[in-house]
Amino acid sequence: MRASFVVIGVGVLFPALATGQTSFPMVTHVSPVAVQRGTTTEVTVECRNSSLAGAYKVLFEGTGVSAEVVPGKAPPPPTDPKAPPPNVTSCKLKITVAPDAALGVREFRIASTLGISSLGQLVIVDAPVIPEKGPTSSFAKPIPIPVPAVVCGRIRALEAVDYYTFSAKSGQILTCEVICARIQDKIHDLQKHADPLIAIYDHTGRELASADDTYFADPVLTFRVPHDGDYRIAVRDAKYDGDPRWVYALTITDQPYAVYSFPLAVHPHQTVNAQPVGSAAATGAGWTLTAPETPGLHTVPLRQEGRVTNPVPVIVTTLPLVEEQEPNDTPAQATQLAVPGGANGRIGSKRDLDHFRITAKKGRPLAITIFARRFATPLVSQLDSQIDIMTAEGKILASNDDFVGKDSGLIFTPPADGDFIIRVRDLNNKGGDGFAYYLQCTPANPDFTLKCDPAKAMIGPGSRTAWFVHVTRTNGFTGPVKVEVEGLPAGVRVNPLTIPANMTQGLLVVSADRDAPRDAAVVKVVGTAETTDHNQPPVVLQRTAIPVEEIYIPGGGRGRFDVGLMAVAVTEPSDLLEVKVRPTRITLKPGEEVKIDVEVVRNPRYDKAITLDVQLRHLGQVFGNPLPPGVTMVEGKSKTLLGTGNTGHIVLKADANAPECTDVPVCVQGFVAINFVVKIGYASEVILVSVKK
């Protein structure tokens, strides 16, 4: 029933500025934003432009964290059936974190009778949490905190500075880290983000150390205490900006801390010697890292004679691994790398060059990729990599800077049998202990990835919503992809979907039975395909779709951010109860048009404008288009602006060269404006479109 996206200047799409009554809760922040594992804690979740009325369930990414909604004083129900739902802008959650829960940032959503929220984020920590007790502190009157601790606060206003005081001993090595900016990217409507800075002072006010950007905009500071005494630490925005929604978690600890660790890539269940960057390095050698058994990106602690650090990122791979061997600054000194295989390396100093030698076959493409900065949270490396593919004599054949974010990569097809050189360097010729990377070289086998837009679904009994599934085929894969949804709540279903070989998008209509019970669940969209390569036996690939969270971009743009938590909720009836269409099966000949009649069934409380569409669009940009190739909506012949009416129609046309297709699923959505920045779509049942000559 509901697929939302950002709208500014709604008059472009609607005859008048229309205000809907039922939105999804838009979470802005959590206070306190950190919870210690092994404890149960109450936190307050706040939202804007929406309501948390009827909140009853919390869904978390991963395991080890659960929550209950703390009952509050419920607002009286409206006496007028046309009145909007009550406006509840906050609620309390009782969070329980298991003693062995993974540390770090967790995504969550709150399900209410009205909908399911945008993403909230909570930080799971090891040290005791000191919650915010008030907005007032100063250098003269700082808030005392123990070491270790995690202090939760807010950069509330312009020129705001939070001061804390702690006692320390001469020679202690302290690590101070702020988590703030990195938990703001996924907030639906936060038009400016914090750039936190921390500084340490002695009792006279002399600054002893400071840090700004380490994990992107979030700082990490390692501080060796010069003498016994009391010290002050200040948290502020680097530009002296502020916002009441800018929550942060400040960790201050005297325990060994690793900002980065080398090597990055390890075999499953392997224990390796680790070289930490951060305060853990001051305790000397002997740190080890034991990799999990499952390939992929993980976070695990380093260990040294009973000491344990914070979790650090590690890439677990089954490929053969080598470590770069210095000197390798020239092609003649290159480290041999197997194909397929991987290498752990580090641009250890300014202008350092690392060379690797591979042996390849003519015409057999290779995927050559750097893994360093793409993981964002946690950040793995400071490296902004560039790779060059060269002949053994040093002639450059191919180069790349940014392939996935700041990580370089490319597909290289060898022009002849023989040896080739891969050169790795920092784009800006920087280097140091934190410039680690993992270089991977594998055959470029056929593959695909999936994304699903939007990342949540909210459906009343008997109603529907639309998801747009995007497939990206790589390395010569050209086949169809079957798409399924796992984990749907009781009474919820989706249509069968196979994205044909000549299409890159497909439509899932998520439908709730009329007797579907109210519930919410974490789900995942999974694609399956069969690939072949170079006369090899077929390989079945299965890939999980990345959910795409809608983000409001200042000025009215619709941004999208990859997230981990996809969810479906069955809600109370909303603004539109149903979108009816006829016919539900269409066969077009090239050059032919067909009319789809549309009737919307309104909730009695909603009597404002509705816009019809078969695509997901915003200000002229198409974000989802499930129509078959060569089939378009004829704008001039379609009645899509309903105003306060209930009937309209869509005209589809197949152009003269439209290829044949069979039963491609599409739907009509009725869009309702919630405010100046959001509209919500309610979907019809699936319409199967075929093109036959």
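Throughout, read-outs are computed from the coordinates displayed, never taken from laboratory work. In this text, all values refer to a predicted model and were calculated from it rather than measured experimentally. A quick note on method: Cβ atoms are made from the backbone with ideal geometry, for glycine too, and the neighbour counts reach across all protein chains shown.
Between His203 and Thr478, what FRET efficiency comes out of the Förster formula 1/(1 + (r/R0)^6) with R0 = 56 Å and r the beta carbon distance, rounded to 0.05?
Here the calculated transfer efficiency is 0.20.
Tell me which residues come under 5 Å, amide H to amide H, from Ser261 once H is placed; ignore anything under 5 positions away on its chain.
Residues meeting the criterion, in which the H sits 1.01 Å from N, are Val277.
Using only the alpha carbon atoms of the stretch 129-253, find the Kirkwood hydrodynamic radius as the inverse mean reciprocal pair distance, in angstroms to one decimal.
After inverting the pairwise mean of 1/r, the radius is 14.5 Å.
Using the reciprocal of the averaged 1/r over all distinct C-alpha pairs, how large is the Kirkwood radius of the stretch 260-316 in Å?
About 11.1 Å for the stretch 260-316.
Calculate the spin-label point distance for Leu641 paired with Lys361, positioning each point 7 Å from the Cα along the beta-carbon direction, and give it in nanometres.
With each label placed 7 Å out from Cα toward Cβ, I get 6.2 nm.
Search the structure for amide H atoms under 5 Å from the amide H of Val691, placed 1.01 Å from N in the peptide plane, and list their residues when 5 or more places away or on another chain.
Leu588, Cys661, Thr662, Asp663
Taking Cα centroids, how far is the stretch 253-322 from the stretch 403-471 in Å?
Between the Cα centre of the stretch 253-322 and that of the stretch 403-471, the gap is 24 Å.
Once you treat every alpha carbon in the stretch 321-443 as an equal point and sum by Debye, what is log10 I(q)/I(0) at q = 0.11, 0.12, 0.14 Å⁻¹?
At q = 0.11, 0.12, 0.14 Å⁻¹ the computed log10 ratios are -0.31, -0.37, -0.51.
Select from Ala111, Gly205, Ile368 the residue farthest towards the positive end of the dipole of the chain; place +1 on Cβ of Lys and Arg, -1 on Cβ of Asp and Glu, and compute about the Cα centre.
Going by the charge dipole, the pick is Ala111.
Kindly put Trp467, Trp287 in sequence by how many other C-beta atoms sit within 10 Å of each C-beta, fewest to most.
Fewest-to-most Cβ neighbours within 10 Å comes out as Trp287, Trp467.
Set Lys and Arg Cβ to +1 and Asp and Glu Cβ to -1, take the dipole of the stretch 194-346 about its Cα centre, and tell me which of Ala338, Phe216, Pro244 lies farthest positive.
Going by the charge dipole, the pick is Ala338.
Arranged by the count of other C-beta atoms within 10 angstrom, fewest first, what order do Glu486, Glu685, Glu305, Glu549 take?
Glu305, Glu486, Glu685, Glu549
Mind listing the phi-derived Karplus ³J(HN,Hα) values for the stretch 473-484, rounded to whole Hz, using 6.51, -1.76 and 1.60 with θ = phi - 60°, and x for any glycine or proline?
Values, residue by residue: 8, 10, 6, x, 6, 10, x, x, 10, 7, 10, 9 Hz.
How big is the stretch 448-691 along each principal axis, measuring the range of its Cα positions in Å and listing the largest first?
Its Cα atoms span 61, 44, 41 Å along the three principal axes.
With an 8 Å Cα cut-off and a minimum separation of 6 or more residues, compute the relative contact order for the chain in percent.
With pairs under 8 Å counted, the relative contact order is 13 percent.
Determine the sum of side-chain charges near Gly648: Lys and Arg each +1, Asp and Glu each -1, restricted to other residues whose C-beta is under 10 angstrom from that of Gly648.
Local net charge: -1.
When only C-alpha pairs under 8 Å and at least 6 residues apart count, what is the relative contact order of the stretch 413-477, in percent?
Taking the mean separation of contacting Cα pairs over the length of the stretch 413-477, I get 33 percent.
Hey, of (i) 31; (ii) 39; (iii) 59, which did the structure itself give for percent of Cα pairs over 44 Å apart when calculated?
Checking each listed value against the structure points to (i).
Please report the antiparallel percentage of DSSP beta bridges with both residues in the stretch 102-207, rounded to the nearest 5.
65 percent
Sort all Cα-Cα distances of the stretch 596-693 into consecutive 10 angstrom bins from zero, then give the percent of pairs in each bin up to the one containing the longest distance.
Whole-percent P(r) values from 0 Å outward: 14, 47, 29, 9, 1.
List the residues whose amide H sits under 5 Å from the amide H of Val70, counting only those 5 or more places along or on another chain, with H placed 1.01 Å from N in the peptide plane.
Lys92, Leu93, Lys94
Select from Ile650, Asn87, Ile347 the residue farthest towards the positive end of the dipole of the chain; place +1 on Cβ of Lys and Arg, -1 on Cβ of Asp and Glu, and compute about the Cα centre.
Ile650
Can you run phi through the Karplus equation (6.51, -1.76, 1.60; θ = phi - 60°) for the stretch 574-591 and list ³J(HN,Hα) in whole Hz, with x for Gly and Pro?
10, 4, 10, 7, 6, 10, 9, 9, 7, x, 10, 9, 10, 10, 10, 9, x, x
Spin-label point model (7 Å from Cα, Cβ direction): what's the His649 to Asn428 distance in nm?
It works out to 6.0 nm between the two label points.
Could you please report the charge total around Glu132, scoring K, R as +1 and D, E as -1 over all other residues with beta-carbon less than 14 angstrom from its beta-carbon?
Result for the local shell: +1.
Sort 86-95, 391-400 by the packing proxy (mean of other Cβ within 10 Å over each peptide's residues), most packed first.
86-95, 391-400
Determine the sum of side-chain charges near Val380: Lys and Arg each +1, Asp and Glu each -1, restricted to other residues whose C-beta is under 15 angstrom from that of Val380.
0
Just need the relative contact order of the stretch 192-320 here, percent rounded to a whole number, with Cα pairs under 8 Å and 6+ apart.
Relative contact order, the stretch 192-320: 19 percent.
Can you report the principal axis dimensions of the stretch 426-561 using only the alpha carbons, biggest first, rounded to whole angstrom?
Here the spans come out as 60, 47, 27 Å, largest first.
Once you have the alpha carbon radius of gyration of the stretch 504-638, what is it after dividing by 2.2 N^0.38 Å, with N set to its residue count?
Ratio of Cα Rg to 2.2 N^0.38 Å: 1.36.
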